[in-house]
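Participant: Structure provided below as structure tokens; questions to follow.
What follows is calculated from the coordinates using simple rules that are stated; it is not laboratory data. Model, not experiment: these values are computed from the prediction.
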Amino acid sequence: MVKKFSYKRKRKSVEDYVNGVLSGNRVVLSQAITMVESTRAQDHLVAQEILRRCLPEHSKSIRIGITGSPGVGKSTFIDVFGTFLTKRGHKVAVLAVDPSSQVTKGSIMGDKTRMAHLSLDPNAFIRPSPTGASLGGVTRKTRETMILCEASGFDVILVETVGVGQSETAVHSMVDYFLLLILANSGDELQGIKRGIVEMADAIAITKADGENQTQAEVARLGYKSVIHFFQHRSVHWQPPVSSCSAFKGEGIEEIWQNIQKFQEIMKKQGLFEKNRQEQGSEWMREVIWQKLEDNFFQNKVIAGQLRILEKEVKAGKTPPLTAANNLFEAYCNTVLGEKND
């Protein structure tokens, strides 16, 4: 009779994770990020300790958010831009915020395969956003992943918006520099593009400025440049530049990087770079609190039972939504207070 042997991988200690991340071990970095993304309670405690110990090592980087409508060429741009940076001695991590992943179940993987050069670059690291999560959950995990990547020696963090809508605001709230990519004559005209996104942008780049698109790209660039000063931006010390680029020809990439360096220098000189990071940290804390309150509310057994009943009454028009919400909140407060008194 042949005995069956089962191999069980030894669980890493916090020390193993921290040492691996700080030494730049990519395998351990990936495992630490997986720990951060885990929904298991015991993994969450380990992840928080890893993050606490890695946090002091994360301040020597530039975080760049990159957004733009589908078809603008974000993945191609990041592939070329990231390779441009690694050739100049930088270590680049590419992360993504994808609130649509709960529907598509992780379509960001397609973007990873489209970054043909960067995905094979030894000085680059590409990490898809977790699937099946709410926007709040995804952004929290992206922030935590960012800290681990920075602690592992990546000095340029590129955060890509994959979904649309709130993802732009989410990415803006976690980066130092926000780059808006626009494709000329794609419908993102001055009167059509969302004003809020333009106001968030620290720079605008007209993409695919090559071949037959070159003239249209230049017209778009001049158009945005003529009105960009009408928008309200994050600092009076910085006027967002408007440039054009071609990832296909590799043109305009260096100018974009020079603008980022100039921005970083000005913001640090004014003391605004660190102030922005501090404010983002405070906002992050508040997001975590709201997320925990929401999770605790809907996981409450009393609420879960009443919620199903009240939802049916609301759908049937028997109870107004506001009344139902107030009843649920009152029941939750009574439950929480009751547990404390017990």
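Participant: In the structure displayed, which of Lys225/Lys269; Lys12/Lys91; Lys12/Lys87; Lys87/Lys225; Lys74/Lys268 lie more than 32 Å apart, Cα to Cα?
Facilitator: Long pairs (Cα-Cα over 32 Å): Lys12/Lys87.
Participant: Follow-up question, since we're still on this one. In terms of modelled amide H atoms, which long-range or inter-chain residues lie less than 5 Å from the amide H of Glu251?
Facilitator: Those qualifying (amide H under 5 Å, at least 5 residues apart or on another chain) are Ser246.
Participant: Report ³J(HN,Hα) in whole Hz for each residue of region 209-220, in order, from the Karplus equation J = 6.51 cos²θ - 1.76 cosθ + 1.60 where θ = phi - 60°; Gly and Pro get x.
Facilitator: 7, 8, x, 5, 7, 4, 5, 5, 5, 5, 4, 5
Participant: Please list, in order along region 28-41, the HN-Hα scalar couplings obtained from phi with the Karplus expression 6.51 cos²θ - 1.76 cosθ + 1.60 (θ = phi - 60°), rounded to whole Hz, x for Gly and Pro.
Facilitator: With coefficients 6.51, -1.76 and 1.60, one gets 5, 4, 4, 5, 5, 5, 4, 5, 5, 7, 5, 9, 6, 4 Hz.
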